[in-house]
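Written below as C-alpha cells is the structure these notes are about.
Just so it is clear, none of the values below were taken in a lab; they were calculated from the coordinates. Note that the structure is a prediction, hence the values are computed from the model and not measured.
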Amino acid sequence: MVKFMNLTAAMVFSALAAPLAGSAADFPLPDPTRPPAALFAPVASGEPDAVAAASAPATVQAIKISSRRRTAIIDGQEVSLGGKFRDARVIGVTPDEVVLRSGKESQVLKLYPDVEKRARSASTNENAKPKAK
C-alpha cells in the first residue's frame, strides 16, 4: 500500500512539473557577470561614437606588479612597462598610477582617481583607543 502511494505521488508530481520544465528553458537567466550588450555593439569607424571613444580619457582598470613585470590594464588592454597604449608609451607603473608619455607630454592615470590620500593628523592619533593587552 505504501509503495502504491509513493508511486502515485511521484506520478502526480511528474505530471505537474513537466510543463514547468519546458517554460524554464524558454526563459534562460542572463549571466550577471556578462558586460552590458552596448560594449559589444559594432560601431562604424566614421560615427561620432567611435571618434569620441578614441579621444576619451583612458581609464586604468587594474595594475599588476611582480618581481619581473609591471603591467596595467588600460581600457581593457594589457600594457607592460615600456609598451605602447594608443600613441603613448608607458614610462611608469606604480601600485596606484600609470604614467604615459606621448612626445614631450606626460599623462598620469590614477587607478582610483576619486580617492585623495591625506596625511593622518596628530589629533586623530590622540583620539584612538589604546590597544588591549
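Near the amide H of Thr59, within less than 5 Å, lie the amide hydrogens of Asp75, all on another chain or at least 5 residues away, with H placed in the peptide plane. Solvent-free Debye calculation, one equal scatterer per alpha-carbon of segment 57-116: log10 I(q)/I(0) at 0.17, 0.20 Å⁻¹ equals -0.48, -0.66.
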